[in-house]
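The values are calculated or read from the model by the stated rules, or taken from the named source; none is laboratory data. This structure is a prediction, so every number in the text was calculated from the model and none was measured. Cβ atoms come from the backbone with ideal geometry, glycine included; neighbour counts cover every protein chain shown.
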Amino acid sequence: MRNIWIIIKKEFARFFKDRRMLVALFLPGILIYVVYSFMGDIINSMVTVENNYVYTGYVVNQSNLFKSTLELEKIKINFEEIDESHIEEHKEEIKNREKDIIIVFPKQFDESLKYQNNQSVMNVEIFYNSTKTESSTFYQIGLEILNKIESKITNIFDINAGQNYDLADEKDLSASIISNLLPMLMLMLILSGCIGIAPESIAGEKERGTIATLLVTPLKRRELAIGKIVSISSLALISGLVSFIGVMLSFPKLIARNIDASIYGFKEYFLIFLVIISLTLMAITLMAIVSSFAKSVKEATNYISPFMILMVLLSLSTMITQSAANNVVLYLIPFFNVNQTLYSIFSFDINVTNLIVTVIANVVYTILGIFMLTKMFGNEKIMFSR
Amino acid sequence: MEKILEVQNVKKTFKLSRKQQKIEKTNQKIKVALNGLSFATYKGEIYGLLGPNGAGKTTALRILSTLIKADEGHIEIDGIDVSKNPEEVRRKIGFLTSELKLEDFFTPNYLFDFFSNLHDVPFDIANERKKRLFEKFGIDSFCEVKVANLSTGMKQKVSLVISLVHDPDIIIFDEPTNGLDVLTAKVVTDFLQELRNSGKTIIISTHIFSLVEKICDRVGIIINGRMIVSEKLNELTKEKNLEDVFFDIYKKEVGEE
Ligand SMILES: Nc1ncnc2c1ncn2[C@@H]1O[C@H](COP(=O)(O)OP(=O)(O)O)[C@@H](O)[C@H]1O
Ligand SMILES: [Mg+2]
């Protein structure tokens, strides 16, 4: 026990003293944040109108009420008043996106509103171009203002005025976005954290001849295996966590929508953490075993690649099925089970049996893997091959 | 005289990969590195394992230090069976070879503490030992410099000191002066004699006759994985010097094949 702890402390010290490894630990998270935010900003700029944009277009029979409401809302316009007869000519400019809008008010629109004795219903026409962001945005603004004007005049009662009364929607929406994307994303992040660490820690030590120095001390091979697995799993978990924070901070920007992570309570976060720990242990153990066959870090990374592809494929399952599997036997399949279980937690559809099977299966695989790694460390053909 | 190490009829073969077959210029799949090696070492002496390159010296010392296992044969160190109780053996021995490296990211100071810890040396004793050894080898001046930034000679000094953190009774050094500058080599050989005088048993491998003549009490001549003679140095060199004795034996051995 004591020796395991000594090894863990040394491994941590080693990673935090090696600048390259620090970069490997934290860079993915930082990169994700920067790239996603940047992408989000670009996407946003494509679907939203700049703050100081001046809308251009034509208006027929200008309504002062409409104009003053726009001013109140601080929306800048540069509209040319034209005669009804010229509408057709200017439609071309909307079509080819030179101007944003043509609004056609009925004659004496404002006056007619004062005397609500109209027999016929008046019609306001707004011509716009949905392929131009500014145009369709102004169309929405126009609709909103006109609706407001209309409801002020004929208002009898309001329903749900002024705020969002839809309580279920946001949660469901967040949950559905999260449960569709995050399980896969979390698996990828954890796996890439692992691949940055495991080859270095096992094959790297072999390559540099530093593991042999440990093997001539009274340290048991099993203690070395456990110490290595525990320490590099923790580091991979930290790396995964940093990436996860990066995702959560930049994700809302990316999809231009507020993801509400607070819809999940302590129970969900605890279960997610449990599953992720079991995943990290298993992935690190597998990569450590594969790395122990390699003579160099490079070789180890090459050996791991095919496994990585397999792991990624298994981690994509819910992206395709869009629901969690029911058959409990399927939860014995590593990586697949993590993806499925995370999906069910994120979508508030936890099946306790499947969850327990997932965690226990992964822990059992880890323990078996540690046995194997112990054998590897004791195997001179693997440790000292030429 | 008390026997402290006994090697009986040890055999070790290596499977050769294609690549190795090319390097060794052979088409045999198996390389016999040790072919029934036997010898004994007595308490308080420096034993020199002398032989040409490829004779099997490193292989023998790796087996003694439990890094690899013998295919056949029996080895006892201080009454402990090496194959049955390797961890106990590792507590008793200090092993040094050029292939045991120290991690670049740590300072000599950190490494000494780390290995002392693994050997379960009490804190006070470890500190006192560190002070003494660092002073002796002049490590004090760079004890807070990361291994990555040390010269080869400095690294070797640190490796040597690290192999002694637990003050082992039996010290096994593979080619101890190889690659050292003359000054460091002298510090090492003087130190080995000092250790012997304080009652430690030391086994070194080498292909340098003068080193054996200078510090060894007993010498074993190993050729093609077999111990040809293992005798007290002064007995062996009664009539001829070591070099002549060696070549007489060598001609006889290699000529026979
Ligand atoms: N791991 C190994 N795989 C294959 N051959 C080896 C291995 N280790 C040593 N040998 C071979 O065994 C023989 C003895 O090597 P070694 O013990 O290193 O000799 P020495 O140290 O006396 O120079 C050499 O021919 C060497 O090539
Ligand atoms: Mg050698």
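For residues in segment B:90-104 being farther than 14 Å from B:T152 by Cα and surrounded by fewer than 21 Cβ atoms within 10 Å (Cβ to Cβ), which is nearest to the other protein chains (Cβ to nearest Cβ)? Per the stated criteria, the residue is B:R91. The numbered conditions (1) away from chain A (no Cβ under 11 Å); (2) touching a helix residue (DSSP H, G or I) at 6+ places or on another chain (Cβ under 6 Å) are all true for B:S83 except (2).
Would you mind finding the one in A:E88, A:E134, A:E98 that is in a helix (DSSP H, G or I) and under 30 Å from A:N52 (Cβ atoms)? Step by step, each of A:E88, A:E134, A:E98 is checked, and only A:E134 is in a helix (DSSP H, G or I) and under 30 Å from A:N52 (Cβ atoms). Scanning segment B:112-137 for residues that are surrounded by 17 or more Cβ atoms within 10 Å (Cβ to Cβ), touching a residue at least 40 places away in the same chain (Cβ under 8 Å) and more than 9 Å from chain A (Cβ to nearest Cβ) gives B:F112, B:S116, B:V121, B:F137.
All conditions but one from (1) exposed (fewer than 11 other Cβ atoms within 10 Å of the Cβ); (2) in contact (Cβ under 8 Å) with a residue 24 or more places away in the chain; (3) not assigned by TED's automatic domain parsing to the domain that holds A:E111 apply to A:N78; the one that does not is (3). Among the hydroxyl-bearing types (S, T, Y), loosely packed, with under 12 Cβ neighbours inside 10 Å and either more than 14 Å from chain B (Cβ to nearest Cβ) or farther than 30 Å from A:L215 by Cβ (or both): is that true of A:S85 in this structure? So A:S85 passes the test. Residues of segment B:184-222 that are among the hydrophobic types (A, V, I, L, M, F, W, C) and either outside any strand (DSSP E or B) or at pLDDT below 95 (or both): B:A185, B:V187, B:V188, B:F191, B:L192, B:L195, B:I208, B:F209, B:L211, B:V212, B:I215, B:C216. Quick check on A:A294: is it at pLDDT 90 or above, within 18 Å of A:I197 (Cα to Cα) and touching a Gly at 6+ places or on another chain (Cβ under 9 Å)? In short, no. Taken as a whole, segment B:71-80 holds at least one residue that is at pLDDT 95 or above and within 14 Å of ligand 1 (Cβ to nearest atom). Of the candidates A:L185, A:L167, A:L113, the single residue that is modelled with pLDDT under 85 and under 30 Å from A:A300 (Cβ atoms) is A:L185. Of all residues in segment B:48-66, those that are hydroxyl-bearing (S, T, Y) have Cβ atoms under 6 Å from Cβ atoms of residues that are near ligand 2 (Cβ under 10 Å from one of its atoms), 6 or more apart or on another chain, in B:T58/B:D174.
Residues considered: B:V165, B:V188. Of these, the only one that is within 12 Å of another protein chain (Cβ to nearest Cβ) and among the β-branched types (V, I, T) is B:V165. Say whether the condition of being out of contact with any strand residue (DSSP E or B) (no Cβ under 7 Å at 6 or more places or on another chain), within 16 Å of ligand 1 (Cβ to nearest atom) and either within 24 Å of A:V216 (Cα to Cα) or within 14 Å of chain A (Cβ to nearest Cβ) (or both) is met by at least one residue in segment B:141-158. For segment B:141-158, residues out of contact with any strand residue (DSSP E or B) (no Cβ under 7 Å at 6 or more places or on another chain), within 16 Å of ligand 1 (Cβ to nearest atom) and either within 24 Å of A:V216 (Cα to Cα) or within 14 Å of chain A (Cβ to nearest Cβ) (or both): absent. Looking only at residues in segment B:121-140 that are of a type outside the set (D, E, K, R) and not in a loop (DSSP other than H, G, I, E, B), the one that is nearest to ligand 1 (Cβ to nearest atom) is B:L133. Apart from one condition, A:M186 fits all of (1) within 27 Å of A:T321 (Cα to Cα); (2) buried (at least 18 other Cβ atoms within 10 Å of the Cβ); (3) free of Cβ contacts under 8 Å to residues at least 40 places away in the same chain; the exception is (3). Give just the number: which of (1) more than 23 Å from A:S151 (Cβ to Cβ); (2) not in a strand (DSSP E or B) does A:E81 not satisfy? Against the list (1) more than 23 Å from A:S151 (Cβ to Cβ); (2) not in a strand (DSSP E or B), A:E81 comes up short only on (2).
Do we have A:L279 as surrounded by 13 or more Cβ atoms within 10 Å (Cβ to Cβ) and under 15 Å from A:L342 (Cβ atoms) here? Here the answer is yes, as A:L279 does meet what is asked. What are the residues in segment A:1-60 that are of a type in the set (G, A, S) and either under 30 Å from B:F112 (Cα atoms) or within 11 Å of chain B (Cβ to nearest Cβ) (or both), if any? Listed by number, the residues that qualify are A:A13, A:A24. Among the conditions (1) within 30 Å of A:C194 (Cβ to Cβ); (2) more than 35 Å from the chain's Cα centre (by Cα), A:I87 misses just one, which is (1). Scanning segment B:168-185 for residues that are away from every other protein chain (no Cβ under 14 Å) and away from ligand 2 (no atom under 16 Å from the Cβ) returns B:D169, B:D181, B:V182, B:L183, B:T184, B:A185. Residues being farther than 22 Å from A:T213 by Cβ, more than 16 Å from ligand 1 (Cβ to nearest atom) and polar (S, T, N, Q) are represented in segment B:5-21 by at least one member.
Determine whether B:N178 is within 16 Å of ligand 1 (Cβ to nearest atom) and either of a type in the set (D, E, K, R) or farther than 24 Å from B:K240 by Cα (or both). Answer is yes for this residue. Look at (1) part of a loop (DSSP other than H, G, I, E, B); (2) surrounded by fewer than 19 Cβ atoms within 10 Å (Cβ to Cβ) and you find that B:H166 fails only one, number (2). Meeting the requirement of 2 or more residues that are within 16 Å of ligand 2 (Cβ to nearest atom) and touching a Ser or Thr at 6+ places or on another chain (Cβ under 8 Å), the helices (runs of 4 or more DSSP H) wholly within segment B:1-120 are B:57-64. Only one of the listed residues (B:K25, B:K43, B:K3, B:K31) is in contact with an Asp or Glu (Cβ under 9 Å, 6 or more places away or on another chain), free of Cβ contacts under 8 Å to residues at least 60 places away in the same chain and away from every other protein chain (no Cβ under 14 Å). That residue is B:K3. Filtered by the rule that a residue be within 13 Å of another protein chain (Cβ to nearest Cβ), assigned to a helix (DSSP H, G or I) and of a type in the set (G, A, S), segment A:208-238 gives A:A212, A:G227.
With respect to the conditions (1) within 16 Å of ligand 1 (Cβ to nearest atom); (2) part of a loop (DSSP other than H, G, I, E, B), B:V254 falls short on a single one, namely (2).
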